[in-house]
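Encoded as structure tokens, the structure appears first; notes follow it.
The values are calculated or read from the model by the stated rules, or taken from the named source; none is laboratory data. Everything quoted here is computed from the prediction, not taken from an experiment. FYI the Cβ positions are ideal-geometry reconstructions off the backbone, even for glycines, and counts take in every protein chain you see. Just the protein is used for accessible areas: all its heavy atoms, side chains included, with ligands, DNA and RNA removed. Shrake-Rupley method; radii C 1.70, N 1.55, O 1.52, S 1.80 Å.
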Amino acid sequence: MNSEVSPHQPVTMHTEVIVVGNGPSAISLSYMLAGNRPFYNGLTLSNEFLTRRLQENMGISLVDQDLPTLSEGLEGRSNNPVALLFDSLFHPDADFGADIPSVLEWNYQPQNEIPHVILGKTKPGGTWQKIDGAMQTISQNSWMELPGVPFKEWLAKQRHTTKAENMLGRATISDVKEYYSDYVKTQRLSKYFKDFHTVTSVQRVFHLRNHVDSESGEVEPCCQNVRRNHTHCWEVRGYHTIMNDEGQPVARREFCYVAPHVVLATGAYDIPNRLGVDGENLPCVVHCLGELEQQILNCTQPDPVVVVGAGLSAADAILMAMESNIPVIHVFRRNPTDPSLIFSKLPKSMYPEYHQIHNLMKGKETNELYKALPRHTIVEIIDNKVLVKSKLTDSLVWFDVSCVAIMIGSRSDLGFLPREGRCLGVVPKWPIDSKHNIMDVDAYSYQSIREPQMFAMGPLVGDNFVRFAIGGALGIVSHINKCRKKDTL
């Protein structure tokens, strides 16, 4: 965007697809929108029915095939059939512990490029760019990869082979961040990515110049070059943060993009969940690992850290504190033997550190730096004191602490949508949540049931793992590609 343009009068930029978010799901979508098409390479899969359906359409891109037919009967760890289809081809039999190469080959077809723009608050990689680089991924390193660039091969080229082998097939967050940034560059996607672009508004607009709808109040911002058979298009506004050579923000400039299609790929980690107790806004209270890391670095008190929660982020916080030789008081509501806890779902051989935390929670192991308070809740935080209540006895006890890390999950920031997108969920009027109220979309196109030409992918539709989130790109590109073909008739 021209730096001389007034921040109050941004030039309206036109494209076909606007993607809000620049994490791995958005990167994979950009790869396919850029004209890269997946083809079945003919290798046999364990699923005979899927193999037969694919063999009947050899030489035809998956984008141009009937996704409902291909996805029929597939089962797995996603509720989205296209996600299961793509994962079955990209990571065959992964849920059975197999490490089988992909049966997809990718062909670049420039004639199939669909103009688009990727708007992200950070560098490519989204939330991954905000996480401590020394931590390990939950998933195996191959499950973090994007189309066309096997993660293990990339690691080998970066001379990280020994490190990867020592980590039982898991990579560090630092590796993943570098991989995603490098992927955008090497796959020639940089021209589509607008980094440090914060979206503040997404709204429907109509084609006719100066047209105003009397009921909705929607207005047209001069997008007369959009295809006429679309009922409306989307206007996306926000601001671009200008950075200096040291990575510090020095200015902001507003932007405005208009397109017939908008894709929400914002992830689920923008807004941390809160306890809602008195004192939660005190400086000693943090809600993410990055903030905890800073607290630990600046810590001058011998008092322990209180960690609240019983998920993987809480376990990461405990590991981070104990590695810095800081005592931990672990407060969580559930029984440590509750089978719904995530730890019981992780193989011990691959996730020894998480099973160590689970054993500490259950009392099967001891550590002088760790104290478990199961079936307890936080009541109040005053200065550097925390009041904790037992759910069993209702007894109360105060603890002197240096920091309180509340690690109880997070949700997407959809503040740029009217009413934060509450009308878009499976349960209307409820906030969108990647676990309890995902966006209500068509199973094969990922198009919103209530907002035509708006799409969602990744955690917003319940696909919290990269290996499943990529399937959304196939569904979206397939649908938009069919729309474009109809436009030419």
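The residues on offer are K348, K362, and the sole one that is more than 27 Å from the chain's Cα centre (by Cα), among the basic types (K, R) and over 26 Å from G120 (Cα atoms) is K362. Among the residues of segment 1-21, those identified as over 17 Å from S201 (Cα atoms), modelled with pLDDT under 95 and surrounded by 13 or more Cβ atoms within 10 Å (Cβ to Cβ) are M1, V5.
Do we find that V305 is β-branched (V, I, T), out of contact with any Leu (no Cβ under 6 Å at 6 or more places or on another chain) and over 25 Å from N22 (Cα atoms) in this structure? Taking the combined requirement at face value, the residue satisfies it. Residues of segment 222-236 include none that is open to solvent by 70 Å² or more (accessible area, probe 1.4 Å) and modelled with pLDDT of 90 or more. Selection of first residues in segment 31-57 that are under 17 Å from F90 (Cα atoms) and basic (K, R) and of second residues that are assigned to a loop (DSSP other than H, G, I, E, B) and open to solvent by 10 Å² or more (accessible area, probe 1.4 Å), restricted to Cβ pairs under 9 Å at least 6 apart or on distinct chains, gives the following pairs, ordered by first then second residue: R37/Q109; R53/Q65; R53/E72.
Pairs meeting the criteria (first residue in segment 91-115 and open to solvent by 80 Å² or more (accessible area, probe 1.4 Å), second residue at pLDDT 90 or above, beta carbons under 6 Å, at least 6 apart or on different chains) are E105/F39; E105/N41; Y108/G35; Y108/N36. Take C423 and decide whether it is out of contact with any Gly (no Cβ under 6 Å at 6 or more places or on another chain) and open to solvent by 20 Å² or more (accessible area, probe 1.4 Å). So C423 fits the description; yes. Please work out which residue is surrounded by the fewest Cβ atoms within 10 Å (Cβ to Cβ), limiting yourself to segment 462-489 and to residues that are modelled with pLDDT under 95, within 19 Å of the chain's Cα centre (by Cα) and β-branched (V, I, T). That would be V466. Candidates S410, S434, S448: the one that is of a type in the set (G, A, S) and within 30 Å of P327 (Cα to Cα) is S410. Across segment 126-179, the number of residues qualifying as at pLDDT 80 or above, surrounded by 15 or more Cβ atoms within 10 Å (Cβ to Cβ) and among the hydrophobic types (A, V, I, L, M, F, W, C) comes to 7.
When segment 251-308 is filtered for residues that are surrounded by fewer than 20 Cβ atoms within 10 Å (Cβ to Cβ) and hydroxyl-bearing (S, T, Y), only T300 remains.
Cβ-Cβ distances below 8 Å connect the following pairs, each with a first residue in segment 335-355 that is within 11 Å of L312 (Cα to Cα), a second residue that is in a loop (DSSP other than H, G, I, E, B) and of a type in the set (K, R), and a separation of six or more residues or different chains: L341/R334; H355/K348.
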